[in-house]
Amino acid sequence: MSTLIEIHNLNKKYGKKQVLKDVNLTLNGGQIVGLLGPNGSGKTTLIKVLNGLLKDFQGQISIDQQPIGIHSKKIISYLPDEPYFENWMTTSDALNLFVDMYDDFDLNKALALMERMDIEKKIKIKELSKGMKEKFQLILVMSRKAKIYILDEPLGGIDPVARELILDIILNNYADDALVLLSTHLIADIEKIFDEVIFIKNGEIVLHENSEDLRSQRHASINDIFKEEFKC
Ligand SMILES: Nc1ncnc2c1ncn2[C@@H]1O[C@H](COP(=O)(O)OP(=O)(O)OP(=O)(O)O)[C@@H](O)[C@H]1O
């Protein structure tokens, strides 16, 4: 599978505070990668850098063999950690916005997923609960036929029963050669879908492994390995 994200010696500071330290990573298509780390470890910062939202970093990054820019914005479907809808918008306004913004957006797929998730077509987004908003936003993001999906905490406010459905949506809506990079704290719920995992600690990558290999080497679940690695 082709390399879709390549990062060399990435460093990022906020003021004097170093939040990403010498990050080196190569991520290939055709897999789901879990980006795991405690609060404040740098997951969202890394995700924002990859999405071109933070530009003041040191190091080299190529996305699909090109620097971050117009091409990377076109091929990355991004779920931010906070919903970004305007208050006045209805679900159908948001669908129209995605139709206008993204050539690769599949409206019929989004409508089918909304029906499956019981989200109305013309409801004001501000009238949706937090979890429903998150589901709706994930539906929009996964209804694009992107090369890379970057999902920042996709399960945050979602109830345990709906989590299975969300995992199913993620698993069944990316092309075979696409890359899904996903940050989460709910490791036990989601680890079964990871092909690879990355542990990030104080801005440094301390582990990047195939999940199956890691489980069999350590005879433990990713959740238990994570707890051991990060225990206080
Ligand atoms: N805008 C900002 N200005 C200054 N410092 C920031 C800013 N955003 C994040 N930080 C700091 O950068 C570090 C990494 O934060 P980041 O949000 O990337 O962590 P995270 O791993 O995503 O955390 P969480 O799991 O809590 O979402 C933290 O110490 C945080 O306080």
*Is there a residue being within 30 Å of N11 (Cβ to Cβ), surrounded by fewer than 18 Cβ atoms within 10 Å (Cβ to Cβ) and aromatic (F, W, Y) anywhere in the range 65-84?*
yes
*Evaluate the following for S2: is it within 13 Å of the ligand (Cβ to nearest atom) and not hydrophobic (A, V, I, L, M, F, W, C)?*
no
*asked:* With the condition being among the acidic types (D, E), I'd like the helices (runs of 4 or more DSSP H) fully within the range 31-102 carrying at least 1 qualifying residues.
replied: 91-101
*Would you mind finding the one in L54, L95, L107, L79 that is touching a residue at least 40 places away in the same chain (Cβ under 8 Å) and away from the ligand (no atom under 16 Å from the Cβ)?*
L95
*asked:* Cβ-Cβ distance below 6 Å, separation of 6 or more or different chains: which pairs start in the range 221-232 with a residue that is under 10 Å from L207 (Cβ atoms) and end on one that is surrounded by fewer than 16 Cβ atoms within 10 Å (Cβ to Cβ)?
replied: I225/R218
*Does K43 satisfy being closer than 18 Å to L151 by Cβ and within 16 Å of the ligand (Cβ to nearest atom)?*
yes
*Is it fair to say V33 is more than 9 Å from the ligand (Cβ to nearest atom), touching a residue at least 40 places away in the same chain (Cβ under 8 Å) and closer than 20 Å to A146 by Cβ?*
yes
*Have a look at L165, L182, L151, L155 and point out the one that is within 16 Å of the ligand (Cβ to nearest atom) and at pLDDT below 90.*
L155
*Does the range 117-134 contain at least one residue that is crowded, with 21+ Cβ neighbours inside 10 Å and under 29 Å from K227 (Cα atoms)?*
yes
*Taking L140 as the residue in question, decide whether it is under 28 Å from L35 (Cα atoms), within 17 Å of the chain's Cα centre (by Cα) and assigned to a loop (DSSP other than H, G, I, E, B).*
no
*Counting only residues that are over 19 Å from the mean Cα position of the chain (by Cα) and within 13 Å of the ligand (Cβ to nearest atom), how many does the range 20-30 have?*
1
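The values are calculated or read from the model by the stated rules, or taken from the named source; none is laboratory data. Keep in mind that what you see is a predicted model, and the values were worked out from it rather than measured. Ideal geometry is used to build each Cβ from the backbone, glycine not excepted, and the neighbour counts take in all protein chains shown.
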